[in-house]
Amino acid sequence: MQGGWRACGPRLWLRHVDKRVKVKTRRQEHRGWLLSVDPVSASLVLVNLVESRASVCVVMGHAVEEVELLQDGGGETGEHIWSFLNPTPPCSLDA
Amino acid sequence: TVATTEAAGGDEEELQQEQHARSVLRERFLRCLLAMNNKKVRFNMHENVTVEATFGSSDIDVLNFQVSDLHTPIGVQKEALIRSQDVISFTFDA
């Protein structure tokens, strides 16, 4: 996926969501659970749970050099992570 | 013509899937932006520059971030816009 993160498109981005990923930029490397990818800017939202707190990192799409899948999400991971960001679990805007 | 109709049908389905993926991702991203509001955020910028500020919001294209109390090396800027092109990543604690 080198160099082509922006070109991957929303369907491939969605397949990475709720999974643990490694994101490389020119100088740094970030790891975390992928909460979402902004389809407009291709930026990634990564979350790491540290001692019952959530540390959130947004990596800007233009700076991404490589994204690697590390681990599939396990069961409650997604909801568990959202509980740190929102008092209520996410519901669809369509509902 | 059957083949072209089928191809068009496939494209239509693909487009719908893509639009659905786009809307799911965008909604989740917007919820993250909401969660960032009023949080102390650390911006990692080019040339190893790190600045801290209180996150406000971003514009719809995510071209600029609106922040308050931006701590720069030459002082604290009460209100500021940060160009997203100048940012590599940013972090906050939820």
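The values are calculated or read from the model by the stated rules, or taken from the named source; none is laboratory data. These numbers come from a predicted model, not from an experiment. Don't worry about glycine lacking a Cβ; one is built from the backbone with ideal geometry, like all the others, and counts go over all protein chains shown. Protein only, heavy atoms only, side chains kept; ligands, DNA and RNA dropped before computing areas. Shrake-Rupley method; radii C 1.70, N 1.55, O 1.52, S 1.80 Å.
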Measuring from its Cα centre, the protein assembly as shown shows a charge dipole (+1 at each Lys and Arg Cβ, -1 at each Asp and Glu Cβ) which, in debye to the nearest 20, is 680
State to the nearest 20 debye the size of the charge dipole of the range A:1-45 about its Cα centre, where the only charges are +1 on K and R beta carbons and -1 on D and E beta carbons. 200
Here the whole-number average of other chain Cβ atoms within 10 Å per Cβ of A:55-67 is 5
Taking only the C-alpha atoms, wrap a convex hull around the range B:28-75 and report its volume per residue in Å³ as a whole number. 82
Given +1 on the Cβ of Lys and Arg, -1 on the Cβ of Asp and Glu, and no further charges, what dipole in debye does chain B carry about its Cα centre, rounded to the nearest 20? 660
List the pair-distance distribution P(r) of the range B:2-94, using every Cα-Cα distance, as the percent of pairs falling in each 10 Å bin from 0 up to the bin containing the longest distance, rounded to whole percents. 15, 37, 20, 13, 10, 5, 1
At q = 0.11, 0.13 Å⁻¹, what base-10 log of I(q)/I(0) does the Debye formula yield for the protein assembly as shown when every alpha carbon is treated as an equal point scatterer in vacuo? -0.51, -0.69
When the helix-only estimate is applied to chain B (DSSP H runs of n ≥ 4, each -39,500 (n - 2.57), divided by the residue count), what is the mean residue ellipticity at 222 nm, nearest 500 deg cm²/dmol? -13500 deg cm²/dmol
Relative contact order (%) - criterion: Cα under 8 Å, at least six apart; region: chain B: 23
Where does the range A:10-68 land on the Kirkwood hydrodynamic radius, alpha-carbon pairs, in angstrom? 11.4
Using a 1.4 Å probe and counting only protein heavy atoms, arrange A:His62, A:His30 so the residue with the most accessible area comes first. A:His62, A:His30
Buried accessible surface, B vs A, both sides, probe 1.4 Å, in Å² to 100, equals 3000
Can you put B:Leu30, A:Leu12, B:Leu25, B:Leu81 in order of accessible area, largest first, using a 1.4 Å probe? B:Leu81, B:Leu30, A:Leu12, B:Leu25
Keeping the other protein chains in place, figure out the carbon and sulfur percent of the accessible area of chain B, with a 1.4 Å probe. 53
